[in-house]
Amino acid sequence: MIHIKSKEEIELMRHSALLVSQTLSEVAAMLKPGLNTSSIDKFIGTYIADQGGVPSFLNYHGYPFNSCISVNDVVVHGFPNSRELQEGDIISVDIGIYKNGFHGDHAYTFMIGKPAQETIDLVRITKESLYKGIEKAISGSRIGDIAFAIQDHTERKHGYGVVRELVGHGLGRQMHEEPQVPNYGRRGTGPKLKDGMVLAIEPMINLGTREVFTEADGWTVRTKDGKPSVHFEHDVCIAKGKADILSNYAPIEAAEKKNPNLFSDY
């Protein structure tokens, strides 16, 4: 069942989404070589609690951490651990926060130092594809229009692998609601978009093959060829003419640019 949110509910969702954005901007300020991802996750849990929120991911179907931190060839659902970040790594930080009865859930991929040019291009083009999809997130369009826009920009134009096994989703009182939002598909197909629907749109794009596998932990998803994968995600409310983006990358990008350990000139 697809839930249509009232104006009041959308504002509560905006608050949760912006709290995720704020948390990601704090993460952007702290990233550096030598930092392990476990310490990032602990910081995230403490920061969310200090803001009066609850980590959406913690204990979700048994997931044991506050956030998903995916490095290099990990597509999504990476376990925070003792591995130290290195120059040239890319790191996707995915955070969910539950507050005032609603979830915010989005992600951002950072570059530690300066990676290979092909990786930089992948980050840029994946981020572009997110906004290509959001352009189609308007009343009267269909889920397939969002999916096609993302696939067209990444797979058809640049030859990247678009992950099929994992998709975006509706968002609200539950972290995962209907409808599913694939990053591949045909225009004019799927559920019709209506005012008040809220979607988490999240392209997951691989430098090489689209094929992935899940590790023995049951969560960590990696590319089969070991090449990098990039993940960006926004929380978006369907509206007439132009989507209402509830999350905000501006403070994340500002913190990214101020951090000399991060590459942001792309």
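Just checking: which of the strands (runs of 3 or more DSSP E) contained wholly in region 57-145 hold 3 or more residues that are out of contact with any helix residue (DSSP H, G or I) (no Cβ under 8 Å at 6 or more places or on another chain)?
Passing ranges, in order: 74-76.
Can we say Tyr63 is buried (at least 21 other Cβ atoms within 10 Å of the Cβ) and of a type in the set (Phe, Trp, Tyr)?
Taking the combined requirement at face value, the residue does not satisfy it.
Could you check Ala200 against (1) more than 20 Å from Asp89 (Cβ to Cβ); (2) outside any strand (DSSP E or B); (3) aliphatic (A, V, I, L, M); (4) under 18 Å from the mean Cα position of the chain (by Cα) and say which number it fails?
(2)
What are the residues in region 1-20 that are polar (S, T, N, Q) and assigned to a helix (DSSP H, G or I), if any?
Ser16
I need every pair where a residue in region 136-151 that is in contact (Cβ under 8 Å) with a residue 40 or more places away in the chain has its Cβ under 8 Å from the Cβ of a residue that is of a type in the set (Asp, Glu), sequence separation at least 6 or different chains.
Sorted first by the residue in region 136-151, then by its partner, the pairs are Ser139/Asp195.
So, in region 30-55, of the ones that are under 22 Å from Ser82 (Cβ atoms) and among the small types (Gly, Ala, Ser), which residue ends up surrounded by the fewest Cβ atoms within 10 Å (Cβ to Cβ)?
Checked region 30-55; the qualifying residue surrounded by the fewest Cβ atoms within 10 Å (Cβ to Cβ) is Gly34.
State which residue pairs qualify: first residue surrounded by fewer than 24 Cβ atoms within 10 Å (Cβ to Cβ) and inside region 80-105, second residue in a loop (DSSP other than H, G, I, E, B) and aromatic (Phe, Trp, Tyr) in any location, beta carbons under 6 Å apart, and separation of 6 or more residues or different chains.
The qualifying pairs are Pro80/Phe65.
Considering Ser92, Ser16, which residue is in contact with a His (Cβ under 7 Å, 6 or more places away or on another chain) and either more than 20 Å from Ile205 (Cα to Cα) or at pLDDT below 95 (or both)?
Ser16
The values are calculated or read from the model by the stated rules, or taken from the named source; none is laboratory data. Computed from a predicted structure; not experimentally measured. Glycine also receives a Cβ, built like all others from the backbone with ideal geometry; neighbour counts cover every protein chain displayed.
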